[in-house]
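Peer 1: Structure in structure tokens, see below.
Derivation of every value follows stated rules applied to the coordinates shown; laboratory data play no part. Being a predicted model, the structure only gives us computed values, none of them experimental. Here Cβ is always computed from backbone atoms with ideal geometry, including for glycine, and neighbour counts include all displayed protein chains.
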């Protein structure tokens with residue numbers, strides 16, 4: 001798959017209902033599995049998304065293939081634009097397993113050339129998610145884990161550009 005088939009496009013305030021719908025599609029199975037109402041984007045309200053969208057140093061990008069929104073990345077940068085956190089990152093279920101997540105992460109790094117340090121977190125019990133971040137160069141932060149419930153733990157990753 002070539003990068004030409006996948007593009008990033010900024011999302012706008014008027015896209016928030018679509019973004020919420022994408023959250024619900026992409027994160028429904030994880031919500032069903034872990035019943036995490038506090039941190040799962042599946043449960044995020046439109047009002048919460050509106051507040052996040054208005055924050056400084058915050059951007060949402062659609063991942064687009066053949067004019068279809070197949071995924072979404074939210075990037076929160078520090079004030080110096082030297083570090084950024086990805087949260088959340090999603091590929092809709094029918095497009096998963098096709099390499100789009102790897103390309104989306106590569107493109108978002110290209111979109112922010114000044115960012116030297118990237119952060120992301122994911123569910124420790126989801127090997128495909130952990131593998132994805134390791135595959136694209138993220139390193140797990142040792143001794144950093146958050147327990148959400150007895151079946152779900154969040155682990156943290158960092159990627160420093162050289």
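Peer 1: With a ≥ b ≥ c the root eigenvalues of the C-alpha gyration tensor of the range 72-162, is it rounded (a/c under 1.5), prolate (a/b larger than b/c) or oblate?
Peer 2: oblate
Peer 1: Could you check the simple spin-label distance between residue 17 and residue 144, using points 7 Å along Cα→Cβ, in nm with one decimal?
Peer 2: 3.8
Peer 1: Report the extension gain between residue 82 and residue 102 in nm, rounded to one decimal, defined as 0.36 nm multiplied by the number of residues separating them, less their alpha carbon distance.
Peer 2: Gain in length upon complete extension: 5.0 nm.
Peer 1: Right, next: Using all alpha carbons of the chain, what is the percent of pairwise distances in each 5 Å bin, ordered from the shortest bin to the longest?
Peer 2: That works out to 1, 8, 18, 22, 22, 19, 8, 2, 0, in percent per bin.
Peer 1: In deg cm²/dmol, rounded to 500, what helix-only [θ] at 222 nm does the chain give when every DSSP H run of at least 4 residues adds -39500 (n - 2.57) and the total is split over its residues?
Peer 2: -9500 deg cm²/dmol
Peer 1: Distance from a point 7 Å along Cα→Cβ of residue 29 to each backbone N in the range 91-119: keep the residues under 18 Å and list them by number.
Peer 2: Counting only backbone N, you get 91-102.
Peer 1: Pick from 134, 74, 144: which is most flexible by mean-square fluctuation in a GNM of the chain where alpha carbon atoms under 10 Å apart are linked?
Peer 2: 144
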